[in-house]
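To start, the structure under review is shown below, and the notes come after it.
Quick note: the coordinates plus some simple rules give every number you see, no bench work behind them. Keep in mind the model is a prediction, meaning the values are calculated, not measured. As a convention, Cβ positions derive from the backbone with ideal geometry for all residues, glycine included, and neighbour counts pool all protein chains shown.
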Amino acid sequence: MRSLVAISMLASLVACGGDGGGGDGDGGVIDAPPGARPHPLYPALDLDTLPGSGGGAIGPYQPPRLPTTTRSVAITTVGAQAARDVAAACATAGTAVTVPDSAGRLGTLDLGNVDDCDLSLGAAVVIDLLYLGHLPGPTRAPSHRIRVRGGQLGAVMVDPQSSDLVLDGVVLNSGVVPPAQRVSVAIYLIGDRSVADGYVARFAVINSIIRMVATEPDGAGNRDGAAYLADGARDVFFANNNIVTAGNRNSWGFRLSGADNALFVDNTVRVSFHKMIRMNDGPVDYVYVKGGTWMREATLTAGGLAINDSWAQLGDLGTDQVYLHDPTVWLASSEPVVFGASPGPGQAGKRWEARRIAWHARSAAVVSDAHLQGLADTCAASATCDYGFGTHRYTYDPALTLPTTAWRDLPTIALDDPDQQPIAP
């Protein structure tokens, strides 16, 4: 079995650089309404209402295709043998696999060269690392149309050239493994820019928890615990999830290292440090944030530096068609918020649009229309930085604390507060 420590080191190298029923704690969140062309995984989103052209240069956003199954297999073994039996069952295309609670801890589960596998895990089933599109070796083994429902996962990795992958009602909790084995990022979609199709396509996480527990500190006191890192992934969808990051360095919510068509709808996200969504390392084309609650803690770096991030671009490789509509945002830091596009020439002809953000901050020095106007004034001359002045709502409280009852109702998870998930000693 591969060591999760090695996986953690790999991810670190690449990455370096209450139950409120969907509320925001003050009733201000605006969820996506049902519509005429509902998303097949999340009907509250009407795909006909996607802003702009509904997608980037590759075309409109495409939902993942679910597996088609023609046979069923129930796993009766436990532990590592159960993991081998799951992989063997999924090797036959069109298989629905049920893994009961009695299977216990499976360790690492590789699913490679798999087509049309529908995997249902008991709530007590633990998989330390789920590696999709991959076989031991290591061997890239593209896989398509896999759905995983239920269970507890320590981390998820996906090799490039795999597609149509869905996590539904899972608890992705890095705390299920001991401290030395905790990875620096919960979900890592690997890219390979040496081949034309070297990306993960049509990936979705819905009705789930991502809960990070920070990695052990390095010699300088740095600790990581980010939710999502993807290199060039296409048609990515996160909806109705409760997400918590941890640490004081690489602890962002989502890092888009190049992306096409990334949608974030009706999520509750609490970020300990770094950006809510970080865009850099490659061109980003079409990002849609709709509704939900986004919180940023006031965590300092190991050296004591205070930074207050939200949604922002780093570098100057281009971010286009970035739409931020109707989220509720809570900022615990007193520092001015980092927001928006790069001022560099790479933004020429590209567009950001923000509308109806409900900002909660300690003072107007943190965020205000005047602050956002100042950021817009630095944009490239031919870029569109439409930050929505006059559409936002600002609530200031010098004693602001982040809400603890903002967690969304998750239909298949009994305890939908990420902070209450177990932590291995």
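Would you mind telling me the antiparallel percentage of the DSSP bridges in region 214-369, rounded to 5? Walk me through the numbers before you get to the answer.
Numbers: 1 of 48 bridges.
Taking every DSSP beta bridge within region 214-369, about 0 percent pair in antiparallel fashion.
Grab the Cα-Cα distance for T77 and R356, subtract it from 0.36 nm times how many residues apart they are, and report the gain in nm with one decimal. List each step's numbers first, then the result.
Working: separation 279, 0.36 × 279 = 100.44 nm, distance 5.21 nm.
That pair, T77 and R356, stretches by 95.2 nm at full extension.
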### Message
Just want the answer: with Cβ charges of +1 for Lys and Arg and -1 for Asp and Glu, which residue in G340, Y396, N261 is farthest toward the dipole's positive end in the chain?
### Response
N261
### Query
For A57 and A399, FRET efficiency with R0 = 45 Å and r from the beta-carbon atoms, rounded to 0.05?
0.45
### Message
Please report the antiparallel percentage of the DSSP beta bridges confined to the chain, to the nearest 5.
### Response
5
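Rank by packing, highest mean first: peptides 299-310, 77-88, with packing defined as the count of other Cβ atoms within 10 Å averaged across residues.
77-88, 299-310
Could you size up the charge dipole of the chain around its Cα centre, putting +1 on the beta carbon of Lys and Arg and -1 on that of Asp and Glu, and report it in debye to the nearest 20? List each step's numbers first, then the result.
Details: 30 positive and 42 negative charges, 90 e Å.
Roughly 440 debye for the chain.
Is the shape of the chain best called rounded, prolate or oblate, per the rule: a/c under 1.5 gives rounded, else a/b larger than b/c gives prolate, else oblate, with a ≥ b ≥ c the square roots of the Cα gyration tensor eigenvalues? Walk me through the intermediate numbers first.
Values: a/c = 1.63, a/b = 1.47, b/c = 1.11.
Since a/c reaches 1.5 and a/b is larger than b/c, the shape of the chain is classed as prolate.
For a quick check: sort I58, I413 by the number of other beta carbons within 10 angstrom, fewest at the front.
Numbers: I58 14, I413 18.
Ascending number of Cβ neighbours within 10 Å: I58, I413.
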### Query
Given only helices, namely DSSP H runs of n ≥ 4 each adding -39500 (n - 2.57), what is the per-residue ellipticity at 222 nm of the chain, to the nearest 500 deg cm²/dmol?
-2500 deg cm²/dmol
### Task
Enter the Cα centre distance for the pair region 52-89 and region 168-237, rounded to the nearest angstrom.
18
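To the nearest 20 Debye, how big is the dipole of region 153-302 about its Cα centre, given +1 on the beta carbon of each Lys and Arg and -1 on that of each Asp and Glu?
Details: 13 positive and 15 negative charges, 107 e Å.
The dipole of region 153-302 has a size of about 520 debye.
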### Summary
Once amide hydrogens are built 1.01 Å from N within the peptide plane, the residues lying 5 or more places from A96 or on another chain with amide H under 5 Å from its amide H are T70, R71, S72, V73, D118
### Task
Choose one of A383, L66, V271: the residue whose Cα lies farthest towards the positive end of the charge dipole of the chain (beta-carbon charges +1 Lys, Arg; -1 Asp, Glu; about the Cα centre).
L66
### Message
Cβ neighbours within 10 Å, averaged per peptide: list 370-379, 207-216 in order, most packed at the top.
### Response
207-216, 370-379
### Task
First select every other residue whose beta carbon is under 14 angstrom from the beta carbon of E216; then total the charges, Lys and Arg +1, Asp and Glu -1.
+1
### Query
Between D218 and A414, what FRET efficiency comes out of the Förster formula 1/(1 + (r/R0)^6) with R0 = 30 Å and r the beta carbon distance, rounded to 0.05?
0.25
## Note on the structure
Computed for region 269-425: size of charge dipole around the Cα centre, +1 on C-beta of each Lys and Arg, -1 on C-beta of each Asp and Glu, debye to nearest 20, value 140
